[in-house]
Amino acid sequence: MATAQKSFETILLDQSWVSPQDLEKARQRRKPGQEIADVLVDMGALEPQRLARALAQEYQLPFLAQIDEHVIQGELIAKVPINYAKKNRLLPVRVDGEELTVAIADPANYEALDDLHVLFGKTIQPVVVPAEVIAQAINRAYDQVTTTSAEDLMIDLEEERLDLVASELASEPRDLLEADDAAPIIKLVNGLLSQAVKDRASDIHIEVFEEELVVRFRVDGMLYDVLSPAKRFHPAITSRIKVMSGLNIAEKRLPQDGRIRVRIAGRDIDIRVSVIPTAFGERIVLRLLDRAQALVDVNLDRLGFSGDNLRKIDRLIRQSHGIILATGPTGSGKTTTLYACLSRINSPEKNIITIEDPIEYQLHGIGQMQVSPKIELTFANGLRSILRQDPDVIMVGEIRDSETAEIAIQAALTGHLVFSTLHTNDSFGALTRLVDMGIEPFLVSSSVMAVLAQRLVRVLCTDCREPFLPSPAELNRIGLSSAACSGPIYRAKGCRACRNTGYRGRSAVHELMIVDDEVRELLMKKADASSIRRACTGKGMKVLRQDGADRIVSGQTTIEELLRVTQEDIL
């Protein structure tokens, strides 16, 4: 084992990583038994990366800023419990002959290094790595190696009696990867959740039929069968999920809604649970939301807007008053887009309040109200209350009736910026839909600034996409000509990285209609959506299919995928 050659504090001062003043403050604040390094990090005077570098110099050991996941040998970490690895902030990486390389945050932890020497019978070569890097690597490595697939967990289930499940559910692990419960039903549910997160699933469907039980994942908007447990396990699985989400186990006749918050591979996952009674038993749908990924998703620059549309949206959301509507079917990303707009303009100078059903993302600095019909807190009633809170910006989750629409329009006309959604197939139908609700055309034309319609298309897997030559008829269906395709057009193939689907992730295609004087004039004449569409496209506005065609030319998606999500345009 290497010995210290130069004091830790001297290294920090020599490298100018901390000032003498901060070092003196740390000495004064240090409690008995506390390391000076921990005090400096807690004070914010020393960055974790520099701490690791200083320790590597002090003990004359190699330093790594990152751990390459591809070099980690799975058979090594399978021998070290995840709780032990996290507690000691270490990770066995690889064996070279008789030498075992171990990433460790604290090279002075001789006891843990000796444990590994005894366990593996190898000479230990410590490598100093920042603590947070080791924590992330532990989560990723154990997620890949130790998480049993749902199919494998079914073997345990077939050998167990599952008469009483609730008695085994007293405590939950901090992280599902750390769960070591002996009960197979707990392992199965935890395994399903872990596998769903690994597969990037947005929903888990547990569906019971007359003769079978089916579990399906929704990945990138498409449902895939995962496994079919024996139907006799359905009551136990249902009870386990109800206990986790705080629902009534005994109630099997009424729909129930609940929430679960779990930690999987170091990621905080919010799960919205819906249970409904069907003819053959209760059907369960779990909606998964990765809270860390949600913060990325609500970035307006990452939602797939073309440069022109992004500039227009950025200008619109900075107006002082008016209504901006997002339209599209359920699951087309409307709420995420509105969240991104709110996040872009969120500042201490603005009072932003939302009323939603349900609240999907928690946005820092924004007041969010949950609709609750049981106590008559509807969109309309909640919106009235919001207007008494001196708001600058309001978001209404959905305009479902004329009462909500009237209040939203009055709010826009009295100096508030209002965001909301409508269920229409395109942007042009949103205006006529409001008129159909009984709103006077002059109120709609004077309050609505813009309507954004969108759809989500699956993005091609860059590892396996392949170029091909589409026929003129295929290009014509999406409004392209052979001359317009300067680069290659790609199609989906399928590989291990994308679960043989050919796609990984989704992006939005948009059409943005600005309500200008010509549109207002048509609206006052009670023109139909087709007339408004002709007027807007005649001035160069791109509709959904045209925006999607640009994505095809840039190699992001396929002709088949665009036709699938914009099929209503060809009617």
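Side notes on the structure shown:
- Any hit, segment 486-494, residues being over 34 Å from the mean Cα position of the chain (by Cα) and open to solvent by 70 Å² or more (accessible area, probe 1.4 Å): yes
- Restricting segment 390-416 to residues that are touching a Ser or Thr at 6+ places or on another chain (Cβ under 7 Å) and part of a helix (DSSP H, G or I) leaves a set whose member that is surrounded by the most Cβ atoms within 10 Å (Cβ to Cβ) is A408.
- Which listed residue is under 38 Å from the mean Cα position of the chain (by Cα), over 17 Å from Q73 (Cβ atoms) and either modelled with pLDDT of 85 or more or open to solvent by 40 Å² or more (accessible area, probe 1.4 Å) (or both), from E111, E132: E132
- Sole exception among (1) under 13 Å from A131 (Cβ atoms); (2) modelled with pLDDT under 80 for D14, by number: (1)
- Selected residue (only one of E168, E172 is touching an Asp or Glu at 6+ places or on another chain (Cβ under 8 Å) and modelled with pLDDT under 60): E168
- Restricting attention to segment 464-481, the residues that are out of contact with any Phe, Trp or Tyr (no Cβ under 9 Å at 6 or more places or on another chain) and surrounded by 12 or more Cβ atoms within 10 Å (Cβ to Cβ) add up to 9.
- Across segment 366-389, the qualifying residues are those that are farther than 25 Å from R259 by Cα and basic (K, R), and the one among them that is most open to solvent (accessible area, probe 1.4 Å) is R388.
- Matching helices (runs of 4 or more DSSP H) fully within segment 1-99 where at least 2 residues are of a type in the set (A, V, I, L, M, F, W, C) and either in contact with a strand residue (DSSP E or B) (Cβ under 7 Å, 6 or more places away or on another chain) or more than 27 Å from A141 (Cα to Cα) (or both): 8-14, 20-29, 36-43, 48-58, 74-77
- Neighbours by Cβ (under 7 Å, 6+ apart or cross-chain): first from segment 316-334, crowded, with 16+ Cβ neighbours inside 10 Å; second in a loop (DSSP other than H, G, I, E, B) and modelled with pLDDT of 95 or more: H321/H416; I324/I317
- In segment 60-95, residue most open to solvent (accessible area, probe 1.4 Å) [restricted to those that are at pLDDT below 85 and either of a type in the set (D, E) or closer than 15 Å to I11 by Cα (or both)]: E75
- In segment 18-27, the condition of being of a type outside the set (A, V, I, L, M, F, W, C), under 17 Å from D106 (Cβ atoms) and open to solvent by 50 Å² or more (accessible area, probe 1.4 Å) is met by no residue.
- Filtered by the rule that a residue be hydroxyl-bearing (S, T, Y) and either more than 23 Å from the chain's Cα centre (by Cα) or loosely packed, with under 10 Cβ neighbours inside 10 Å (or both), segment 347-360 gives a lone residue, S347.
- Candidate set from segment 561-571 (those that are open to solvent by less than 10 Å² (accessible area, probe 1.4 Å) and modelled with pLDDT of 90 or more); member that is farthest from R477 (Cα to Cα): E561
- Matching residues, segment 495-530, being surrounded by 12 or more Cβ atoms within 10 Å (Cβ to Cβ) and basic (K, R): R499, R504, R506, R520
- Checking L342, L363 one by one, the residue that is crowded, with 18+ Cβ neighbours inside 10 Å and part of a helix (DSSP H, G or I) is L342 and no other.
- Count of segment 243-301 residues, restricted to those that are of a type outside the set (S, T, Y), buried (at least 16 other Cβ atoms within 10 Å of the Cβ) and part of a helix (DSSP H, G or I), is 5.
- For segment 434-442, the condition holds for no residue, the condition being that it is part of a strand (DSSP E or B) and buried (at least 17 other Cβ atoms within 10 Å of the Cβ).
- Test for G429: is it farther than 18 Å from T335 by Cβ and surrounded by 21 or more Cβ atoms within 10 Å (Cβ to Cβ): yes
- Every residue from segment 541-560 that is open to solvent by 50 Å² or more (accessible area, probe 1.4 Å), at pLDDT 90 or above and not in a helix (DSSP H, G or I): K542, Q556
The values are calculated or read from the model by the stated rules, or taken from the named source; none is laboratory data. All values reported here derive from a predicted model rather than from experimental measurement. Glycine also receives a Cβ, built like all others from the backbone with ideal geometry; neighbour counts cover every protein chain displayed. We work out accessible area using only protein heavy atoms, side chains counted, and drop any ligands, DNA or RNA first. Shrake-Rupley method; radii C 1.70, N 1.55, O 1.52, S 1.80 Å.
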